[in-house]
1. Provide a single number: the residues in region 130-142 that are in a helix (DSSP H, G or I) and touching a helix residue (DSSP H, G or I) at 6+ places or on another chain (Cβ under 9 Å).
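No value in this document is a laboratory result; all are computed from the given coordinates. Keep in mind that this is a model prediction, so the values were computed, not measured. No Cβ is skipped: glycine too gets one built from the backbone with ideal geometry, and neighbour counts run over all protein chains shown.
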């Protein structure tokens, strides 16, 4: 992200939890004249990470970007991260946070769809007040719904030898409606949800009509289209510090 922001005349800073990523960022940004100490190791869950080395106090940024991070932190930590980001910028400062779209599961027709239906909508854990027999029959009916979805898709993304893959580590999706509300509660104003990475058909259709799928999906890339709630796999929370 910092590499792509070259040419806008601002000073760029960044931190990452993984030392290897910090080293790579320093290497790439050095070619663009960014000082080595503008990139450091830090966690979004620690307020000290938002304190740039050449500042006398934390925060003070004109803008902050948080991409590829929110899916990998615990659900209870979301408000903390939003609060730290809000405090990291000056009043009126812009903050943009990327997340995976949980509502996209309503369009994919695969095991994500079933999990969203069962775990987020039906929620059998709320059936505790019913008799064991009734709960058992209801849970059996819920399992029968699996035949309506491609439970074998998507394929599990596994890592290399000795390393976990993307689907083997914490990789959450966020409900854009709930996330926007939390963002506002953290002290952001003019909050918007901007959708991207649209899918013109459920992902399983791509292999049948790959050229059509890609071209039509790209044509759909409109961040404020209401269909993004269901047909885009990711979104950006955008807001300014009040």
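1. Let us first name the residues in region 130-142 that are in a helix (DSSP H, G or I), namely 132-142.
Filter once more, so that each one left must be touching a helix residue (DSSP H, G or I) at 6+ places or on another chain (Cβ under 9 Å): 134-135, 138-139, 142.
Adding up the residues that qualify gives 5.
The rows are residues; the columns are (1) surrounded by 14 or more Cβ atoms within 10 Å (Cβ to Cβ); (2) out of contact with any strand residue (DSSP E or B) (no Cβ under 8 Å at 6 or more places or on another chain).
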{"site": "145", "(1), (2)": "no, yes"}
{"site": "180", "(1), (2)": "yes, no"}
{"site": "200", "(1), (2)": "yes, yes"}
{"site": "205", "(1), (2)": "yes, yes"}
